[in-house]
2 protein chains.
Amino acid sequence: MAITDTLSHMELYDKIRLGDRIALSRAITLVESRQSDHVETANALLDTCMRNTPEQTSMRVAVSGAPGVGKSTFIESVSSHILEAGHRLAVLAVDPSSQLSGGSILGDKTRMHTLSAHPNAFVRPSPAGSHPGGVAERTREATLLCETAGFDVIIVETVGVGQSETQVRTMVDLLLLLISPGGGDEVQGIKRGILELADLVVVNKADGALASQARETMGQYTHALRVLFSQGQAPDVLSCSSLEGSGVSAAWQALSTLFENMSAHDLADIRSQQEQTWFKERLRQLVVERFITHHRFLSEYDKKLAQIAQRELSVRTALAEMTALTDALLSGRGEQI
Amino acid sequence: MAITDTLSHMELYDKIRLGDRIALSRAITLVESRQSDHVETANALLDTCMRNTPEQTSMRVAVSGAPGVGKSTFIESVSSHILEAGHRLAVLAVDPSSQLSGGSILGDKTRMHTLSAHPNAFVRPSPAGSHPGGVAERTREATLLCETAGFDVIIVETVGVGQSETQVRTMVDLLLLLISPGGGDEVQGIKRGILELADLVVVNKADGALASQARETMGQYTHALRVLFSQGQAPDVLSCSSLEGSGVSAAWQALSTLFENMSAHDLADIRSQQEQTWFKERLRQLVVERFITHHRFLSEYDKKLAQIAQRELSVRTALAEMTALTDALLSGRGEQI
């Protein structure tokens, strides 16, 4: 079955607006495709979604944390509170190795299938085999499609180990960082710098034998964040048990309060800035990528890099020569020098 | 007096090698100049310095901290230990507003003049009026010139408030972060993220009424860094009084030990990587700069950005169109589309 069959982007858009989940799924597959006719339809569809802001402002939340911290279980647990409050919830995964994407060896997919089956929930794993930058870009677009379909809470699941958090931070309103009880080794896998992006920190697994350790970890993080955020408001540190359900409602309440405190005007402004920043950054990457892979540029670049490594050339001279080449290429004299 | 009079880059190089401080000063002024004949001589001089590695491996240290933490006083105090140990010391400032550069209203320049007058010390303020990226680049080049002149300890003074630390971190072997006693407000001005770049944290002003507060701050930072660095070795936190001189020798000892623990092979490798990274990053900046200011590109870029801000266009379509323009410019068809 073709992704869009013979649907035009407007037909697809109309179906999505009416809440057709199959159309939504197909649209997400469409934006993930690199086939040229798909790309064209996808661009037109996204432009249409962009021009038609949904009436209801959605809440976009990233749930981040190291592998094994229990992100899927937490999302499943918190989703019951979100759905009970009457929201329509979409869950998107950024990391291809996440449980959502089938990375689990414990059969957790079954649970997510339960969530997927809920009439007001939509669960979408991340595309496998894409590079992280691409996944972030596709997830950003999937968010727009889900909002068009009327989902007013979007959870983006992401693994707190790489560069993806910085990217994810620019596509959500709030970032919740999940951590495990215990200091030192237990927080292995969270990269420094991610703590600073968090709006809310939640110590998960505060149950059974780990309950007292979770309290201790809460205290340690509260103090550490106060030092880190000496200039601003440090994020709150809570604890919960996704397994027993305790503290999960409080985490959802904390998120809701943070969201309510953002005025509609601020939110529109922040999101517009995020879109523009995303455009600028991706454009920089694309321009450099196009240049670097240009045959004239690439051979010079490799030569200069080797000369610098062998201390034959100063960075300054190398830059001057590469700049001259850049200018020549830009003025159409690339083949003459 | 002309910067180089009629000296060729080789004559200047020879004089620097022989320890001629006036030649060194002139050479630094030369690399700061944007005059085209100066640029040419400067490039040739830096290439020569690059090709002739000094026999002695220098130790490069950044001293960073918020305004008012006492960087100049600390550097002056620690310099006596460095000079007593028989080293030759060069001090370079990155921040144009630093006391070294005459930013002080308390006449601290006098003290730095005392250090400048020492036969084994060389003090150089940062060039005024340059943009931060440029200052970092010039400081990197000044380091190379000072090493050529036989200075084996290089201190780079920098203010811990902006982007400059990330840049400075790639031009030194070690970063010492100075902080003031007291939590919260007192550490205002240090940006988050800088703590994570530090190899050694020193609480300054541990004297008089602030002595006990300094001890408390030491404890707080020790704990916070342990949480932050859960994966690796957290930097030590010491305290000192630059005014009374206590603890300053211990700070120097800690730096020396950290440096001695880096093998010559590792150090050469790290520095080569730093040079290559610097080249790649500056080149990316330059390529994007050249593109962005190209008239065809600039007008399209502005148009797209406005359309995104007004939700008329998806980022994706904007990127696709800008990429097509990039390819056209690169293939010399820039004026045809």
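The values are calculated or read from the model by the stated rules, or taken from the named source; none is laboratory data. Small disclaimer: the values here were computed from a predicted structure and weren't measured. Glycine also receives a Cβ, built like all others from the backbone with ideal geometry; neighbour counts cover every protein chain displayed. To get the accessible areas, we keep the full protein, side chains included, count just its heavy atoms, and leave off ligands, DNA and RNA. Shrake-Rupley method; radii C 1.70, N 1.55, O 1.52, S 1.80 Å.
Out of all the residues in the range A:18-41, which are in contact with a helix residue (DSSP H, G or I) (Cβ under 6 Å, 6 or more places away or on another chain) and open to solvent by 50 Å² or more (accessible area, probe 1.4 Å)? Quick ask: steps written out before the conclusion?
Kept after step one, since they are in contact with a helix residue (DSSP H, G or I) (Cβ under 6 Å, 6 or more places away or on another chain), are these residues of the range A:18-41: A:23-24, A:27-28, A:30-32, A:38, A:41.
Hit for the range A:18-41 is A:32, nothing else.
Could you tell me which numbered condition residue B:287 fails, if it satisfies all but one of (1) surrounded by fewer than 16 Cβ atoms within 10 Å (Cβ to Cβ); (2) without any contact (Cβ under 8 Å) to a residue 60 or more places away in the chain?
For residue B:287, the failing item is (1).
Picking from B:250, B:306, B:254, which residue would you name as being farther than 30 Å from residue A:311 by Cα, among the aliphatic types (A, V, I, L, M), open to solvent by less than 70 Å² (accessible area, probe 1.4 Å) and within 12 Å of chain A (Cβ to nearest Cβ)?
Working: B:250 fails: within 12 Å of chain A (Cβ to nearest Cβ); B:254 fails: within 12 Å of chain A (Cβ to nearest Cβ).
Only one candidate qualifies: B:306.
Check whether at least one residue in the range A:226-233 is open to solvent by 50 Å² or more (accessible area, probe 1.4 Å) and under 14 Å from residue A:254 (Cβ atoms), and report yes or no. Spell out the reasoning first.
Just the residues of the range A:226-233 that are open to solvent by 50 Å² or more (accessible area, probe 1.4 Å), to begin with: A:226, A:231, A:233.
Subset that is under 14 Å from residue A:254 (Cβ atoms): A:233.
Within the range A:226-233, one or more residues are open to solvent by 50 Å² or more (accessible area, probe 1.4 Å) and under 14 Å from residue A:254 (Cβ atoms).
Need the failing condition index for residue A:8 against (1) at pLDDT 90 or above; (2) within 24 Å of residue A:93 (Cα to Cα), just the number.
So the condition that residue A:8 fails would be (2).
Quickly run through the range A:240-268 and pick out the residues that are in contact with a helix residue (DSSP H, G or I) (Cβ under 8 Å, 6 or more places away or on another chain), closer than 22 Å to residue A:76 by Cβ and touching a residue at least 40 places away in the same chain (Cβ under 8 Å).
Here is the first cut: in the range A:240-268, the ones in contact with a helix residue (DSSP H, G or I) (Cβ under 8 Å, 6 or more places away or on another chain) are A:240-243, A:245, A:248-249, A:251-252, A:262.
Add one more test, that the residue is closer than 22 Å to residue A:76 by Cβ, and what stays is A:240-243, A:245, A:248-249, A:251-252.
Matches in the range A:240-268: A:240, A:242, A:243, A:245, A:248, A:249, A:251, A:252.
What single numbered condition from (1) modelled with pLDDT under 90; (2) in a loop (DSSP other than H, G, I, E, B) fails to hold for residue A:206?
Every condition holds for residue A:206 apart from (1).
Considering (1) modelled with pLDDT of 90 or more; (2) under 28 Å from residue B:137 (Cβ atoms), say which one residue B:315 fails and leave the rest.
(2)
Taking residue A:317, is it at the interface with another protein chain (Cβ under 7 Å from one of its Cβ atoms) and at negative phi?
On the way: at the interface with another protein chain (Cβ under 7 Å from one of its Cβ atoms): yes; at negative phi: yes.
So residue A:317 passes the test.
How many of the residues making up the range B:268-295 are over 16 Å from residue B:144 (Cα atoms) and either facing another protein chain (nearest Cβ under 7 Å) or aromatic (Phe, Trp, Tyr) (or both)?
Of the residues in that region, 9 qualify.
Checking the conditions here, which among B:217, B:293 is buried (at least 18 other Cβ atoms within 10 Å of the Cβ) and not hydrophobic (A, V, I, L, M, F, W, C)?
On the way: B:293 fails: buried (at least 18 other Cβ atoms within 10 Å of the Cβ).
Just a single option satisfies the conditions, and that option is B:217.
Where in the range A:8-60 are there helices (runs of 4 or more DSSP H), lying wholly inside it, with at least 3 residues that are within 14 Å of chain B (Cβ to nearest Cβ)?
Working: elements: A:9-17, A:21-32, A:36-51.
Because the criterion is at least 3 residues that are within 14 Å of chain B (Cβ to nearest Cβ), the helices (runs of 4 or more DSSP H) in the range A:8-60 that meet it are A:21-32, A:36-51.
Only residues that are surrounded by 20 or more Cβ atoms within 10 Å (Cβ to Cβ), of a type outside the set (Gly, Ala, Ser) and out of contact with any Ser or Thr (no Cβ under 6 Å at 6 or more places or on another chain): list them for the range A:42-75, please.
A:45, A:59, A:60, A:61, A:63, A:71, A:75
Of the residues that sit in the range B:320-337 and are more than 8 Å from chain A (Cβ to nearest Cβ) and modelled with pLDDT of 90 or more, which one is nearest to residue A:317 (Cα to Cα)?
Per the stated criteria, the residue is B:325.
Considering each of A:77, A:72 in turn, give the residue that is polar (S, T, N, Q), within 30 Å of residue A:262 (Cβ to Cβ) and in contact with a Lys or Arg (Cβ under 9 Å, 6 or more places away or on another chain).
Working: A:77 fails: in contact with a Lys or Arg (Cβ under 9 Å, 6 or more places away or on another chain).
Matching residue, one of A:77, A:72: A:72.
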